[in-house]
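Below is one structure; the comments refer to it alone.
The values are calculated or read from the model by the stated rules, or taken from the named source; none is laboratory data. The shown structure was predicted, so the numbers you read here are calculated from the model rather than taken from an experiment. Cβ sites come from the backbone with ideal geometry, for glycine too, and all protein chains shown count toward neighbours.
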Amino acid sequence: MHGLYNFVRGPLAWVAFILFVGGTLYRLIAMLVIARKKDNVVFDYFSLFYGLRSIFHWIIPFANRNSRQRPIFTIVTFAFHICLLAAPILLLAHVLLWDESFGISWWTLPEGVADIMTLIVIGGCIYFLWRRLTQPEVKFVTFASDFVILAIVAAPFITGFLAYHQWLGYKFWLILHILAGEVMLVAIPFTRLAHMIYSPFTRAYMGSEFGSVRHARDW
Amino acid sequence: MKRLRIGLLIGMTALAWVMVSSSIPAYSQEDITSLKDEAFGKGQRPPAVFVHEAHNEKAEIEDCNVCHHVYKNGEKVEDESSEDSRCSDCHNVKKGYPTRPLMKAYHDLCKSCHQTKKVGPITCGECHPRKAASSAHEAEEGH
Amino acid sequence: MAEGQVIDGIYFNEVWEDAGLDEGTKKLTPEKIEKVINKVLEGETGARLKVYVDTCVHCGLCSDACHYYLSHDKDPTYAPVAKVKQTMWEMIKKKGRVSPTFMKRASQIASTQCNVCMRCAMYCPFGIDIAYIMSVVRRICHFLGITPLYIQDTAHSHAVTMNQMWVKNDEWPDTLQWQEEDAQEEIPTLRIPLEKEGADIMYSVIGPEPKFLAQLLYQAAVIFETAGLNWTMPATPGWDNSDMAMYTCDNEIMGRVKRVHFETARRLRVKKIVMGECGHAFRSIYDRGNRWLAWKMHPVYVEHAIEFYYNLLKSGKIKIAKKYEESVTLHDPCNVMRGRGLYEMARYVVNEMCADFREMEPNREHNYCCCAGGGVINCGPPFKMTRMLGNRVKAEQIAATGAKVCISPCHNCHSGLEDIVSHYKLGVHVKFISDILYEVMEKPGAV
Ligand code: SF4
Ligand code: SF4
């Protein structure tokens, strides 16, 4: 038990974080390099002001037309993404690990709140799964990989939830939780979860084109 | 015994067990079954399960200052111990300096020893079980 | 026939006969396809395509943006992202090893089932530019010789004559003189100044105007004359600002056509180009052609008719005699609304001219595309029903206003809307702004 736990919490965690950070940097740098080489126009038309203006209208729920037209989706996806980011970063148990390893710590969520947020993430995954299975326009463009990605995202939260509540097989779920978290971290730069990395850029570029060239709104 | 002491020296930097002597004098050390420290107030998790006598017997700890240590100028004083003062006298709940904060002191002291000896709980739920103490005993003994 | 069919394992949601597509496909070989796809992907695309493809989370949120999708009762094969799935994703995944039938379908999608209107870019949370991806598909189809016949013919016309309609060099000044003479009966002092170097404005129009919409030249001349402007039109090739090569993604021809246009303006040493009520021509001068020629923005200031009329009315150079009484609605053409943000100016102009203006819903940059733009109407009669079936929502949108007249400040939209209005029997007249402006403006010089 000590050995396995220490392995997933130690060396494997290092590997996961290195791949996550390294992979993210690699994707970003690769994007900028080929943009320089083959798509130089994106730099010419890029505008910080209009880029931010566009991002602003898309990170606020109901600040753009599409999100107003799909209120349920908007609520789910915003709740999902906020919880997805905030719960792990501000989780007491996670921050304690950072403190233990590196002596750094920050404000944490009350555990009860984090618990609810975890359920929101799991609920969001179920909603997305339901869309993929039933909504024709989503189903048509859904591949097996989309389900795998959904599972990768759901797994750390499901296992974390089970481990936190210690109902049955605490240590088993805990180890699985750590592994699932590591898989997700590594998956971010190397799967479509890369939208986490790219989306500010695609949004800002479209915002720049619309703002400074087209003089039109893009929300 | 000696190995244990060396192991502890490597692992820890500061801490004191308090409850035994000063805070609730009515208790004797036989009564201690958890590390319920009043200084924390109401914690988010139940206090860590800790059966003082059984633990020390099993871990073969005889010297109080393995845990109830005294530090002077950053050095542990070998033949002094601090079971007559509270942990929180030196380890503030919030402020770390110059000693480590109370929770971290507990975590580091327990876990570093468990890690070194490769026995005893090292994960959250093993020390802070949601269910009654019984499952914690399992955790305690299940190494 | 409009029913869906599976041909050689590829699903076609509509099947039409088109010589360009059908004959072109017969000449394709897998080797040629593979070579061309990879040549375009490696040689001409870069970060944008890659990032768009990698970022898309297959969420389908862009679906509701597309009038094809909405008009076909949410048939998922018409959703914007579905168009990428049926074209680019597959090409990238298979590294170009796709079948001739696949390419035929890809060309059908990119050329006739997408107006590159960019509405979906405003509905995708990431701003993924599906119109751009469809343009890359068109580019591949162009190299493979499977562009629909009619629009390909138009592109050939551009290549040969520098105008869209095979208008001969003598036909053009001839038409202008004829319009000038006609207009002089109304305003005796009126001229259509040709080749006037140093004029303030070069007025340019699209090929179809001299061919079969000559009254627009007449109306424009009356507006210029009345406003007392120092203007001119070129007598040489370069007078046509339209550009179907842009829509077949024959960028080389697009570049030649735009170069001639800009150089003509430079030769005449004008301060700006004012162009007639056309959307795609505006896009080609303002957005695409200049980029191909490595100009960040247009080298000569380009003013669309909407902005031009706006300035004339605002400054009082043109006054309204009596407002137009009939109820009107306004169609916002993609290329000058999403493409240039002229929506408030257009509303100012319409409100100045008309007494009873009714908004369509949704409007401004969210307006539904006319389904004619992006070169789709130029794919000609074989695909007329694609446009009719693909834009029921537009018909419903117009009908809901109850207006008797639909103003459309764009040629593509104008023709497309006329088809829709008659197909859905809306009983609405489609008019250009200049049709109404000419009718309601004060003409002090008229006899
Ligand atoms: S027609 Fe317009 S909305 Fe539909 S896919 Fe093409 S660009 Fe997007
Ligand atoms: S293009 Fe955008 S909206 Fe459409 S499926 Fe992809 S990510 Fe979703």
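Results, tabulated for the structure shown:
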{"read-out": "Single residue of C:Ala395, C:Ala372 found to be crowded, with 24+ Cβ neighbours inside 10 Å and either farther than 16 Å from C:Leu417 by Cβ or out of contact with any His (no Cβ under 7 Å at 6 or more places or on another chain) (or both)", "value": "C:Ala372"}
{"read-out": "Qualifying positions in segment A:35-87 - of a type in the set (Lys, Arg) and within 10 Å of chain C (Cβ to nearest Cβ)", "value": "A:Arg36, A:Lys37, A:Lys38, A:Arg65, A:Arg70"}
{"read-out": "Qualifying helices (runs of 4 or more DSSP H) (wholly inside segment C:307-398; at least 3 residues being more than 14 Å from chain A (Cβ to nearest Cβ))", "value": "C:343-353, C:384-389"}
{"read-out": "The one condition in (1) within 16 Å of ligand 2 (Cβ to nearest atom); (2) more than 10 Å from chain A (Cβ to nearest Cβ) that C:Val51 fails to fulfil", "value": "(2)"}
{"read-out": "Filter result for the condition that a residue is more than 16 Å from ligand 2 (Cβ to nearest atom) and surrounded by 24 or more Cβ atoms within 10 Å (Cβ to Cβ), over C:Ala106, C:Ala79", "value": "C:Ala106"}
{"read-out": "Lone unmet requirement of (1) within 20 Å of C:Ser63 (Cβ to Cβ); (2) modelled with pLDDT of 95 or more; (3) facing chain C (nearest Cβ under 9 Å) for A:Leu133", "value": "(3)"}
{"read-out": "Residues within segment C:61-76 that are facing chain A (nearest Cβ under 7 Å) and near ligand 2 (Cβ under 10 Å from one of its atoms), tallied", "value": "3"}
{"read-out": "Test: A:Phe161 is aromatic (Phe, Trp, Tyr), in contact (Cβ under 8 Å) with a residue 12 or more places away in the chain and over 18 Å from A:Phe78 (Cβ atoms)", "value": "yes"}
{"read-out": "So A:Ile178, is it surrounded by 19 or more Cβ atoms within 10 Å (Cβ to Cβ) and closer than 25 Å to A:Ala87 by Cα", "value": "yes"}
{"read-out": "Matching option when the condition is over 30 Å from C:Thr77 (Cα atoms), more than 20 Å from the chain's Cα centre (by Cα) and more than 7 Å from chain C (Cβ to nearest Cβ), among A:Ala155, A:Ala163, A:Ala180", "value": "A:Ala163"}
{"read-out": "Qualifying positions in segment B:44-54 - surrounded by fewer than 18 Cβ atoms within 10 Å (Cβ to Cβ) and within 24 Å of B:Glu30 (Cβ to Cβ)", "value": "B:Pro46, B:Pro47, B:Glu53, B:Ala54"}
{"read-out": "Some residue of segment C:116-137 being away from ligand 2 (no atom under 16 Å from the Cβ) and not assigned by TED's automatic domain parsing to the domain that holds C:Cys371", "value": "no"}
{"read-out": "Hey, C:Val349 of a type in the set (A, V, I, L, M, F, W, C) and either closer than 30 Å to A:Gly207 by Cα or touching an Asp or Glu at 6+ places or on another chain (Cβ under 6 Å) (or both) or not", "value": "yes"}
{"read-out": "Wholly within segment B:42-137, helices (runs of 4 or more DSSP H) carrying at least 3 residues that are among the aliphatic types (A, V, I, L, M)", "value": "B:102-117"}
{"read-out": "In segment C:115-142, the residues that are part of a loop (DSSP other than H, G, I, E, B) and over 17 Å from the mean Cα position of the chain (by Cα)", "value": "C:Tyr123, C:Cys124, C:Pro125, C:Phe126, C:Gly127, C:Ile128, C:Asp129"}
{"read-out": "So C:Ile146, is it over 18 Å from the mean Cα position of the chain (by Cα), within 11 Å of ligand 1 (Cβ to nearest atom) and either within 14 Å of another protein chain (Cβ to nearest Cβ) or of a type in the set (A, V, I, L, M, F, W, C) (or both)", "value": "no"}
{"read-out": "Residue ID - farthest from ligand 1 (Cβ to nearest atom), chosen from residues in segment C:120-143 that are over 23 Å from A:Met196 (Cα atoms) and in contact with a Cys (Cβ under 6 Å, 6 or more places away or on another chain)", "value": "C:His142"}
{"read-out": "Residue count, segment A:48-97 (criterion: among the aliphatic types (A, V, I, L, M), closer than 21 Å to A:Asp218 by Cα and not in a helix (DSSP H, G or I))", "value": "2"}
{"read-out": "Members of segment C:52-105 that are within 16 Å of ligand 1 (Cβ to nearest atom), touching a Phe, Trp or Tyr at 6+ places or on another chain (Cβ under 6 Å) and among the hydroxyl-bearing types (Ser, Thr, Tyr)", "value": "C:Ser63, C:Tyr68, C:Tyr69, C:Tyr78"}
{"read-out": "One residue from A:Leu185, A:Leu193 being under 21 Å from A:Asp146 (Cα atoms) and at the interface with another protein chain (Cβ under 9 Å from one of its Cβ atoms)", "value": "A:Leu193"}
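Residues are listed down the side, and each one gets a yes or a no for (1) of a type outside the set (Val, Ile, Thr); (2) assigned by TED's automatic domain parsing to the domain that holds C:Pro299:
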| site | (1), (2) |
| --- | --- |
| C:Cys141 | yes, no |
| C:Asn163 | yes, yes |
| C:Gln177 | yes, yes |
| C:Gln184 | yes, yes |
| C:Ile192 | no, yes |
| C:Ala199 | yes, yes |
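Table: residues versus (1) over 16 Å from the mean Cα position of the chain (by Cα); (2) more than 17 Å from C:Cys62 (Cα to Cα).
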site: A:Arg65; (1), (2): yes, no
site: A:Phe73; (1), (2): yes, no
site: A:Thr77; (1), (2): no, no
site: A:Ile82; (1), (2): no, yes
site: A:His94; (1), (2): yes, yes
site: A:Ile104; (1), (2): yes, yes
site: A:Gly123; (1), (2): no, yes
